[in-house]
Amino acid sequence: MNISLILEMAAEAAPERIGLVCDGRRWTYGELLAASRGAAARLMQYDCNFVSLLDESSEAAPIALFGAALAGIPYVPLNYRLADEDLAGLLARIAPACIVGDVERARRLNPDAGHTCVDRTSFVAAAESAAGNFDAPRDDEDITAQIFTSGTTGTPKAALLRHANLLGYILGTVEFCSAAETDAQLVCVPPYHIAGISALLSAFYAQRRIVMLPAFEPDDWLHLAAEEQISNAFLVPTMLARIMERIDAGSTANLTALRAIAYGGGRMPAELIERALELFPDTAFTNAYGLTETSSTIALLGPEDHRLAQSAKDPAVSARLGSVGRPLPTVEIEIRDADGLPLPPGESGEIYVRGEQVSGEYRERSALDKDGWFPTRDAGWLDDEGYLFLAGRADDVIVRGGENISPGEIEDVLTAHPAIADAAAVGVPSTEWGEAVGIAVVFKPGAESLDDDALRQLIRDRLRSSRLPEQIRLRDELPYNEMGKLLRREVRNWFNE
Amino acid sequence: MKAGTKLKSAVCDTEVMVIRAGEGVVACGGVPMAEDKPAETGSPDSEFSGGTLLGKRYVDAQDTLELLCVKPGAGSLSLDGVALMTKDAKPLPSSD
């Protein structure tokens, strides 16, 4: 099994069809396959254990991904936004590698490690010219990609995804060649994130043209969406918020072709998705939940569920707008307590997942239990109809005097207030309770702010008294990473200052 | 036969990948398929000449075996002499 099958089938079915648009150049599936074969021929000549991309999104990302797969070498996309010190550590962990992209930085940070460094232009040119040298794929390597987790809680872990995981995901969720020739997908997630890889695989298999936007800016996104008649887009919530701000401010970009918006990556505020559903009344919204270790999506809330929830009178149905939907038909999900025993609907615990696409494996060890279940370290619960609600990272749960408190329930109450733009609840040291609730609040610009007593009253009106914050911090903004994930560790540090 | 194995037709260009392995003889055009393509290729039996379609999944009536067509051809697929049928999956919205 090898993911190169995806590109080979796309090129077999429609060699002349445009598969990728990047920086003004249009690539057919035939050209992409030829370049990937050329890249593989080159890569097989190098002494390297990994093929690494240290670059923004470009045509080099699919060519390196499929080239590495054909050459039988694991692909490692690196986060170019990392600080020098952190990046140097990761470069040392993959030596010797073929590093494509920021050659200067790779050489400076990890000299004498035996890396072969190639800049983007040279890599693509060499790949295109070497296609004739390719013999046959090397099928003996079963690891497709090694992706370093973001490491917000410690040293980044090297998650392994095997060809069987990624192919299992694609074959189980995407119908081959199901996209219309006019379909186009705007991709603005970074290439080092699992969503950047799964976007390439899904779109190539469906034969939906990819239009790449390497660095997200709302005006660039709107311009490209109109110019390329984009039909599908994936956004993290903060990107959607910024696009909607531009539309509110009078952007006249023509988005009539935009049929579907998928979102995920970080927490979607209820107010934002409700406004989006009003602003795009004919657009199909899909909320996707997944992890690096699960080859992307494991549960989704589809377009019909969004519209049903939007118009529902039944509070259980309207609440589903805050869920991540139901598990894919190809995976199983269970909620378990601290002893690993399954919990009934309505009770919150740790989310476990099992399925072909679930790797749950790191370079150092596998996290799967003996029956193949992966403990996600995400907390959540299922409703009676099987809709999954997330309740933060299991590590983020606040334990106050033995009582488990999910930050999300407090944050929901706060952000529902019209004056509050954003809020985070974290565990803070407490002499009385061991740990207690601390909240950080961001008021909307121009809104009348609430004092500490009013904030506590807001929570007291809706939640049990154990949820009342012991400490409160007011800030202009909360720290997020580029995928819209709240950096809770940094928020926690505000309370230790 | 195991999941991931590629089988080639002896009578046409058809290649399939085993998604779910089952018991029995998988044939294309009425002639058993194999991992290595035979040097001499015949022509499909008229009973099994409907052709295969790229990207389609094929299953038996008992749903014990599932094949993905990764290269199309003129022959059609069977398990122990019984024609396989295409499987239509319920489409999911794109989440990537």
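Since every read-out is calculated from the coordinates, none of them should be taken as a lab result. Computed from a predicted structure; not experimentally measured. Heads up, the Cβs are rebuilt from the backbone with ideal geometry, glycines too, and the neighbour counts pull from every protein chain shown.
Taking the Cα centre of the protein assembly as shown as reference, the dipole from Cβ charges on Lys and Arg (+1) and Asp and Glu (-1) amounts to some 340 debye.
The residue list A:S198, A:I405, A:V100 was ranked by how far each Cα lies along the charge dipole of chain A toward its positive end, using unit charges on Cβ atoms, and A:V100 comes out on top.
Here the residues A:D383, A:D369, A:D422, ranked from fewest to most Cβ neighbours within 10 Å of their Cβ, fall in the order A:D369, A:D383, A:D422.
Run through the stretch A:396-469 and list the trypsin sites (Lys or Arg not before Pro) located in a DSSP loop whose Cβ has at most 12 other Cβ atoms within 10 Å.
On the way: sites: A:R400, A:R456, A:R460, A:R462, A:R464, A:R467; in loops: A:R462, A:R464.
Listed in order of number, the matching sites are A:R464.
Taking amide hydrogens as placed 1.01 Å from N in the peptide plane, the amide H of A:I210 sits under 5 Å from those of A:L20, A:V21, A:Q185, each at least 5 positions away in sequence or on another chain. The string of couplings for the stretch B:71-83 from the Karplus curve (6.51, -1.76, 1.60, θ = phi - 60°) is 8, x, x, 7, x, 10, 8, 8, 10, 6, x, 9, 4 Hz, one whole number per residue in order, with x for Gly and Pro.
Largest first and in whole Å, give the semi-axes of the stretch A:397-494's equivalent ellipsoid, each being the square root of 5 times a Cα gyration tensor eigenvalue.
On the way: eigenvalues 83, 57, 26 Å².
The answer is 20, 17, 11 Å, longest axis first.
Please arrange A:I247, A:I420 by how many other C-beta atoms lie within 10 Å of their C-beta, fewest to most.
Sorted ascending by nearby Cβ count, the order is A:I247, A:I420.
Per residue, the convex hull spanned by the alpha carbons of the stretch A:237-281 comes to 74 Å³. Ordering A:L321, A:L455, A:G38 by the projection of their Cα atoms onto the charge dipole of chain A, which places +1 on the Cβ of Lys and Arg and -1 on the Cβ of Asp and Glu, puts A:G38 at the extreme positive end.
A DSSP coil position with no more than 15 other Cβ atoms inside 10 Å describes the following trypsin sites (Lys or Arg not before Pro) in the stretch A:296-340: A:K313.
Could you work out the Rg to Rh ratio of the stretch A:135-240, with Rh taken as the Kirkwood radius (inverse of the mean 1/r over all Cα pairs)? Walk me through the intermediate numbers first.
Working: Rg = 15.9 Å, Rh = 15.6 Å.
On the Cα set of the stretch A:135-240, Rg over Rh gives 1.02.
Annotation: cysteines of chain A without a disulfide-compatible partner (Cβ-Cβ under 4.7 angstrom) are A:C22, A:C117, A:C177, A:C188. In this structure the amide hydrogen of A:Y80, modeled in the peptide plane, comes within under 5 Å of the amide hydrogens of A:D55, none closer than 5 places in sequence on its chain. A simple charge model with +1 on the Cβ of Lys and Arg, -1 on the Cβ of Asp and Glu and nothing else charged puts the dipole of the stretch A:285-395 at about 340 debye relative to its Cα centre. Mean partner shielding of peptide A:5-14, defined as the number of other chain Cβ atoms within 10 Å of each residue Cβ, is 3.
Projecting the Cα positions of A:W381, A:T149, A:L7 onto the charge dipole of the protein assembly as shown (unit charges on Cβ atoms of Lys, Arg, Asp and Glu, taken about the Cα centre) puts A:L7 furthest along the positive direction. Bridgeable aspartates and glutamates around B:K37 (alpha carbons under 15 Å apart, same-chain partners fewer than 8 residues away excluded): B:D13, B:E15. Cα centroids of the stretch B:1-73 and the stretch A:179-197: 32 Å apart. Loop-located GluC sites (Glu not before Pro) across the stretch B:1-72 with a Cβ neighbour count of 15 or fewer within 10 Å are B:E23, B:E35, B:E40, with loop assigned by DSSP.
Could you tell me the convex hull volume per residue, in Å³, taken over the Cα atoms of chain A?
155
Output the pairs from A:K370/B:K2; B:K8/B:K87; A:K313/A:K485; A:K370/B:K56; A:K157/A:K485 with a Cα-Cα distance over 27 Å in this structure; if there are none, say none. From A:K370/B:K2; B:K8/B:K87; A:K313/A:K485; A:K370/B:K56; A:K157/A:K485, over 27 Å: A:K313/A:K485; A:K370/B:K56. Among A:S366, A:S178, sorting on how many other beta-carbon atoms sit within 10 Å of each Cβ, with the fewest leading, yields A:S366, A:S178.
Rounded to whole numbers, the Karplus 3J(HN,Hα) couplings from phi for the stretch A:314-329 are 5, x, 5, 6, 5, 5, 5, 4, x, 9, 9, x, 10, x, 4, x Hz, using 6.51 cos²θ - 1.76 cosθ + 1.60 with θ = phi - 60°, and x at Gly and Pro. Here the stretch A:4-215 has an Rg and Dmax of 16.1, 49 Å, counting Cα atoms alone. Summed over qualifying helices (DSSP H, 4 residues or more, each -39500 (n - 2.57)) and divided by its residue number, the protein assembly as shown shows a 222 nm mean residue ellipticity of -8000 deg cm²/dmol.
What dipole magnitude, in Debye to the nearest 20, does the stretch A:63-165 give about its Cα centre under +1 on Lys/Arg Cβ and -1 on Asp/Glu Cβ? Provide the component values of the computation, followed by the final result.
Details: 9 positive and 13 negative charges, 53 e Å.
Rounded to the nearest 20 debye, it is 260 debye.
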